[in-house]
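The values are calculated or read from the model by the stated rules, or taken from the named source; none is laboratory data. Here the structure is a predicted model, which is why all the values come from computation and not from measurement. Reconstructed Cβ throughout: ideal geometry from the backbone, glycine too, with neighbour counts over all protein chains shown.
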Amino acid sequence: MTSTVIAETVPLLAATLADEPGEAGRRRRPSVAMWLSVAWIIGLTLVAVFADALPFVHDPKRTNLVHAHKSPSSTFWFGTDKLGRDIFTRAVYGARTSLMIAGLSIVIGLAIGGTIGLLAGYFRKKIDYVTSLAVDVMLAFPALILALAITSTLGHGVKQVVLALSVLSIAPLIRVVRAQTLVYAQREFVLAAKGLGAKDARVLFREILPNVVPSMLTFALTGLAILIVAEGGLAFLGQSVTVPTPTWGFMIVEGYPDLERYWWISIMPCMVLFLTVLSFNLVGDQLSKRFDIKESLA
Amino acid sequence: MRRRRRKLIGDRPQDGVLLEVRDLKTHFRTGRGLVRAVDGVSLSLERGKTLGIVGESGCGKSVLSRSIMGLLPRFNVVRKGKVVFAGRDISGLPASEMRHIWGTEMAMVFQDPMTSLNPVMKIGAQIEESLRYHLGMPRDDAVETAEVLLRSVGIPEPRRRLEEYPHQLSGGMRQRVTIAIALACGPALLFADEPTTALDVTVQAQILDLLADQQRDRNMAMILVTHDLGVVAGRTDHIAVMYAGKIVESAPTSVLFSELKMPYTEALVKSIPRLTNRSHTRLEIIGGRPPDLVSPPSGCRFSPRCPYAQDRCRTEEPPLQEAPTPGHLYACWYPVGSPDQKLTRPELVDPAIAAGGS
Amino acid sequence: MRYFRQKLVQVVIVLMATTFLSIFLMRQLKGDPAIAITGGLVNDPVALEHVRHEWSLDRPVPIQWLRWLENTAKGNLGQSSAFNVPVSTLIKERLPVTLYLMVYAQILSLLIAIPMGVYAAYRSNRTFDRVSNTVAFGLLSLPSFVVAIFLVLVFSLHYHLFPAAPKYVSPFDNPVLHFKNLFLPVVSIALAQVAVYMRLLRADMVATLQNDFVTMARAKGMSTARILFRHAFRPSTFSLITAAAVNVGALIGGAVIIEQLFGLPGMGNLTVEAIARRDFLVVQACVALFAVGFVLVNFLVDIAYAFIDPRIRHARALA
């Protein structure tokens with residue numbers, strides 16, 4: 001029932017169909033913003049990983065009361081806090097902690113949630129019904145409270161925070177992966193594979209998984225952004241990692257009382273947090289458009 | 001909201017030229033380049049008459065009807081040429097002015113009634129909307145009129161239908177509803193854009209008959225756009241054959257069938273399956289694919305697929321010229337029946353040869 | 001009808017499972033629950049025994065859960081160990097604050113997002129659309145507490161327009177102050193929401209506007225405003241409503257941070273403190289309340305779907 005009009009006005013539609021306004025008349029190349037985001041993420045990761053070796057990164061724990069409360073300058077790029085610690089350095093090490101926690105959590109969440117989602121979406125029937133119900137329950141349980149419960153009882157070291165965040169990310173990931181699996185499980189190439197005698201495991205692994213992975217990855221990127229924020233939230237409530245170096249959230253909280261006079265203590269980590277989250281969001285968004293386009297053509 | 005129907009067009013004489021289109025071009029700016037969907041079309045239509053526009057998918061006919069009506073968005077769309085409706089030049093009018101013509105003087109029936117009706121609005125509301133907005137009818141009058149309209153398009157139990165939603169009706173009935181909506185304010189010109197393509201064959205004839213009846217009763221002109229020559233055969237006064245954004249042949253209906261000149265028209269006629277054929281008769285096809293509207297072939301645009309194409313066809317584009325019979329125009333260097341016509345590519349004509357070759 | 005019965009069953013199961021889960025989790029903690037419930041202030045063994053009996057603490061967890069349900073049905077949510085007042089009183093005090101915060105934030109964000117989204121879809125790919133999309137993207141990358149901090153920096157500390165540590169004032173006592181104090185917290189939450197809603201609505205509307213029935217409405221000569229709002233808007237609201245519902249659920253968590261930052265005595269604040277101070281009964285009640293709220297909102301969303309799209313209405317009625 002394809003309307004002939006669509007066939008004739010496809011060029012017009014293509015210009016307006018984009019989720020994001022694209023320039024009509026130019027094939028959508030990854031935008032400047034996308035490259036900047038990728039650059040930021042890579043740069044941040046490199047700096048965080050090699051922090052110890054970098055010359056412009058000092059010792060995050062070094063306190064020097066002489067330099068306390070200095071505003072941003074050429075020596076202290078982000079200024080110093082009340083103990084004279086270099087905020088920039090702390091932000092760098094904070095990146096390490098924040099990224100590691102969020103990264104680990106999303107990976108674990110993907111591994112567990114993704115697997116369950118795949119199985120539920122593929123086998124359906126009882127597994128699906130039970131899983132969906134369980135996911136509903138998990139989502140009904142207020143997220144932050146669960147996280148808080150975990151950290152306040154088990155402590156707020158890296159392991160516990162990762163546990164809390166992973167647990168939180170499982171339910172949404174199950175939903176997303178399941179939805180994607182459903183789309184592909186009904187496709188004809190799956191039926192064809194089964195018709196050729198392929199066993200379930202093989203079908204799952206060779207036919208469905210490769211198709212689901214792209215959307216898993218894009219969701220993982222956005223999920224990463226969300227988890228970084230969530231961790232920030234936890235830190236804000238005092239429930240996140242402080243040893244050896246605090247995460248960004250913690251730095252923000254620490255600086256809040258002094259907001260009026262020494263705004264940089266809080267605002268600098270805010271900026272870094274914002275830019276990082278923005279970058280992940282942008283990249284995730286662009287990727288999702290790439291894959292979705294292929295989807296709609298298929 | 002009460003709106004008076006603005007008298008933009010003036011009193012209607014009972015006959016005469018209603019619509020005149022002169023060298024209309026509609027191009028779309030896209031990533032691939034300029035899509036020349038309509039590339040210089042001229043036609044005219046008198047009151048009460050029917051014009052059929054025939055062509056394959058992708059030839060620009062739907063864009064043509066929308067362009068004449070002025071319905072296309074303006075962003076990245078280039079529209080040139082002249083459209084004169086009831087003596088008034090509507091070519092450059094902005095949408096705010098055209099709105100008073102749409103629905104009241106000109107109306108369109110779309111191809112797929114499932115998508116052209118708003119799924120979340122009741123049928124009655126969709127009809128009454130035009131009546132109340134353009135004619136300023138109070139609510140009760142509008143409901144009454146809607147009911148009358150539904151009955152006139154052959155829908156049983158019209159009162160009940162007013163309260164129903166599109167998905168509760170069958171395809172044929174839905175199309176009747178769209179016709180009712182289009183006719184609500186009594187337009188002088190109706191565009192029927194593939195009105196039966198999305199319907200069952202059995203329903204197609206009914207809908208076409210309905211359109212013909214309404215047309216007669218209202219002395220309404222109609223432009224019937226379709227890819228199916230069979231649809232326009234008995235129901236139009238004049239037919240224009242479109243290819244790659246241009247009109248390649250245009251003639252009064254009977255003349256077109258009896259004296260067709262352009263090979264494309266011939267191919268179209270031959271491709272109509274006939275009941276009288278023996279069973280398992282191979283269907284005639286037109287080989288090849290519709291041309292790229294961004295960079296159409298040089299010379300005659302049909303030449304890559306024309307079984308009679310000669311060198312001149314590939315280099316020089318034939319202009320529309322008059323045939324001996326008045327009102328018959330065609331664009332071909334070696335038209336059907338002319339002594340110069342040569343069958344240069346037989347494989348395009350006989351599917352058996354084509355099949356045998358592959 | 002069958003559909004609704006199914007949904008109802010699901011709702012009940014979810015509620016039961018959630019409340020059970022919370023009791024189960026808390027009983028995993030070390031220590032005598034009776035002591036925890038009384039906040040370690042009561043040493044009298046008889047009193048402790050009384051508490052144990054009231055909440056069936058010496059029985060297995062499922063029994064404890066049933067007991068809790070029973071008590072709740074009778075209106076007895078227990079006594080808060082941390083605050084030393086009945087839990088129900090605490091909730092009565094704190095719930096309105098959180099509700100106001102959430103409701104105002106949603107209303108504000110929808111009021112801004114809807115017109116912007118509609119206009120962006122109407123003039124898609126032009127300047128307004130592109131600019132607003134970029135801005136929206138930036139906004140939704142801003143965590144609410146970052147927004148809050150910036151707002152405080154500018155409007156509280158620099159310009160002294162709004163209080164940084166507002167006291168909650170009931171609208172019945174002093175409406176002006178009520179709104180003034182809640183302004184910054186509400187905006188902090190609403191800002192990111194605006195971005196999400198706007199983008200969702202815009203995307204859906206752009207898709208809807210491609211539909212034939214919109215061209216048809218235009219061919220009928222309908223005005224732009226009418227087409228946008230009377231024809232195109234309703235079918236485009238699905239994503240919006242879903243997102244709003246999800247947000248309400250998320251807000252229950254997100255509002256915690258804002259409440260903490262601004263020192264507002266809401267449910268989120270309460271829960272955080274209760275967890276920190278091992279106030280079991282309060283946590284229990286809070287979890288139950290949040291779950292009920294979440295489930296209720298989802299239920300309402302389903303009804304909204306049926307309301308918007310009559311096709312769904314009829315399909316479900318037949319099912």
Review point. Which condition does B:GLY154 not pass, out of (1) crowded, with 19+ Cβ neighbours inside 10 Å; (2) in a loop (DSSP other than H, G, I, E, B), if it passes all the others?
Key: (1)
Check your understanding: Is it the case that region A:121-130 has a residue that's more than 14 Å from chain C (Cβ to nearest Cβ), farther than 19 Å from A:ALA230 by Cα, crowded, with 19+ Cβ neighbours inside 10 Å and modelled with pLDDT under 85?
Key -> yes
**Study point:** Selection count, region C:63-106, where residues are of a type outside the set (S, T, N, Q), within 28 Å of C:ALA245 (Cβ to Cβ) and over 21 Å from the mean Cα position of the chain (by Cα)
**Key:** 5
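Suppose we filter C:LEU289, C:LEU270, C:LEU281 for residues that are within 23 Å of C:TRP55 (Cα to Cα), touching a strand residue (DSSP E or B) at 6+ places or on another chain (Cβ under 8 Å) and either modelled with pLDDT of 80 or more or facing chain A (nearest Cβ under 10 Å) (or both); which single one remains? So that I can check it myself, show each step before the final result.
On the way: C:LEU289 fails: touching a strand residue (DSSP E or B) at 6+ places or on another chain (Cβ under 8 Å); C:LEU270 fails: touching a strand residue (DSSP E or B) at 6+ places or on another chain (Cβ under 8 Å).
Just one listed residue meets the conditions, C:LEU281.
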Review point. Can you spot a residue in region B:119-139 that is in a loop (DSSP other than H, G, I, E, B) and under 19 Å from the mean Cα position of the chain (by Cα)?
Key: no
Revision key, fill the gap. For A:VAL229, the lone unmet condition from (1) touching a Ser or Thr at 6+ places or on another chain (Cβ under 9 Å); (2) within 10 Å of another protein chain (Cβ to nearest Cβ); (3) surrounded by 20 or more Cβ atoms within 10 Å (Cβ to Cβ); (4) over 30 Å from A:LEU118 (Cα atoms) is (4)
Study note, to complete from the structure: Counting only residues in region B:254-275 that are among the charged types (D, E, K, R) and farther than 18 Å from B:PHE302 by Cβ, the one surrounded by the most Cβ atoms within 10 Å (Cβ to Cβ) is identified as B:GLU259
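Restricting to region C:121-133, count the residues that are at the interface with chain A (Cβ under 8 Å from one of its Cβ atoms) and in a helix (DSSP H, G or I).
3
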Practice item. Answer with yes or no whether B:ALA37 is crowded, with 22+ Cβ neighbours inside 10 Å, more than 10 Å from every other protein chain (Cβ to nearest Cβ) and modelled with pLDDT under 90. Key: no
Check your understanding: Would region C:226-240 turn up any residue that is more than 30 Å from C:ASN71 (Cβ to Cβ) and more than 14 Å from chain B (Cβ to nearest Cβ)?
Key -> yes
Check your understanding: Is region C:167-190 home to any residue that is hydroxyl-bearing (Ser, Thr, Tyr), surrounded by fewer than 20 Cβ atoms within 10 Å (Cβ to Cβ) and either more than 30 Å from B:GLY103 (Cα to Cα) or touching a Ser or Thr at 6+ places or on another chain (Cβ under 6 Å) (or both)?
Key -> yes
Review point. Which of the residues that make up region A:81-114 are touching a Pro at 6+ places or on another chain (Cβ under 9 Å) and either assigned to a loop (DSSP other than H, G, I, E, B) or farther than 30 Å from A:GLN180 by Cα (or both)?
Key: A:ARG85, A:ASP86, A:ILE87, A:PHE88, A:THR89, A:ARG90, A:ALA91, A:VAL92, A:TYR93, A:GLY94, A:THR97
Review point. Taking A:VAL162 and the conditions (1) away from chain C (no Cβ under 14 Å); (2) out of contact with any Leu (no Cβ under 8 Å at 6 or more places or on another chain); (3) part of a helix (DSSP H, G or I), which numbered condition does it fall short on, given that it satisfies the others?
Key: (2)
**Study point:** Residue count, region B:42-73 (criterion: more than 17 Å from B:ALA107 (Cα to Cα), modelled with pLDDT of 90 or more and either in contact with a Phe, Trp or Tyr (Cβ under 8 Å, 6 or more places away or on another chain) or within 14 Å of chain A (Cβ to nearest Cβ) (or both))
**Key:** 1
Practice item. Taking the options A:ALA111, A:ALA48, A:ALA68, name whichever one is under 24 Å from the mean Cα position of the chain (by Cα) and surrounded by 14 or more Cβ atoms within 10 Å (Cβ to Cβ). Key: A:ALA48
Check your understanding: Name the pairs: first residue in region B:96-108 and within 13 Å of C:ARG218 (Cβ to Cβ), second residue among the aliphatic types (A, V, I, L, M) and buried (at least 24 other Cβ atoms within 10 Å of the Cβ), Cβ to Cβ under 6 Å, at least 6 apart or on different chains?
Key -> B:TRP102/C:ALA219; B:ALA107/B:ALA182; B:MET108/C:ALA219
Review point. Only one of these conditions is not met by B:LEU131: (1) loosely packed, with under 14 Cβ neighbours inside 10 Å; (2) within 14 Å of chain C (Cβ to nearest Cβ); (3) closer than 27 Å to B:ASP209 by Cβ. Which number is it?
Key: (1)
Exercise for review: Have a look at A:ALA147, A:ALA192, A:ALA185, A:ALA198 and point out the one that is closer than 20 Å to A:GLU231 by Cα and of a type outside the set (Phe, Trp, Tyr).
Suggested key: A:ALA147
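Considering only region C:145-165, state which residues are outside any loop (DSSP other than H, G, I, E, B) and touching a residue at least 24 places away in the same chain (Cβ under 8 Å).
Those that are outside any loop (DSSP other than H, G, I, E, B) and touching a residue at least 24 places away in the same chain (Cβ under 8 Å): C:PHE145, C:VAL147, C:ALA148, C:ILE149, C:LEU151, C:VAL152, C:PHE155, C:SER156.
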Check your understanding: Restricting the search to region B:190-230, which residues are among the hydroxyl-bearing types (Ser, Thr, Tyr) and either within 14 Å of chain A (Cβ to nearest Cβ) or in contact with an Asp or Glu (Cβ under 6 Å, 6 or more places away or on another chain) (or both)?
Key -> B:THR196, B:THR197, B:THR226
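Residue under question is B:ASP228, and the condition is that it be more than 19 Å from B:ALA180 (Cα to Cα) and touching a Lys or Arg at 6+ places or on another chain (Cβ under 7 Å); does it hold? Let's see the steps before the verdict.
Numbers: more than 19 Å from B:ALA180 (Cα to Cα): yes; touching a Lys or Arg at 6+ places or on another chain (Cβ under 7 Å): no.
For B:ASP228, the condition - more than 19 Å from B:ALA180 (Cα to Cα) and touching a Lys or Arg at 6+ places or on another chain (Cβ under 7 Å) - is not met.
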Review point. Of the residues that sit in region A:140-151 and are hydrophobic (A, V, I, L, M, F, W, C) and more than 7 Å from chain C (Cβ to nearest Cβ), which one is surrounded by the fewest Cβ atoms within 10 Å (Cβ to Cβ)?
Key: A:LEU146
**Study point:** Restricting region C:141-168 to residues that are aromatic (Phe, Trp, Tyr) and out of contact with any helix residue (DSSP H, G or I) (no Cβ under 7 Å at 6 or more places or on another chain), the residue that is nearest to the other protein chains (Cβ to nearest Cβ)
**Key:** C:PHE150
Exercise for review: Could you tell me whether region A:152-161 includes any residue that is buried (at least 16 other Cβ atoms within 10 Å of the Cβ), under 29 Å from C:PHE290 (Cα atoms) and more than 19 Å from the chain's Cα centre (by Cα)?
Suggested key: yes
Check your understanding: Are any residues in region B:218-253 on the phi > 0 side of the Ramachandran plot and either surrounded by fewer than 19 Cβ atoms within 10 Å (Cβ to Cβ) or of a type in the set (D, E, K, R) (or both), and if so, which ones?
Key -> B:ASN219
Point to revise | Failed item, numbered, when C:GLY263 is tested on (1) at positive phi; (2) in contact with a Phe, Trp or Tyr (Cβ under 6 Å, 6 or more places away or on another chain) | key: (2)
Check your understanding: Of the conditions (1) farther than 24 Å from B:SER116 by Cα; (2) in contact with an Asp or Glu (Cβ under 6 Å, 6 or more places away or on another chain); (3) in contact (Cβ under 8 Å) with a residue 60 or more places away in the chain, B:VAL255 fails just one. Which one is it?
Key -> (2)
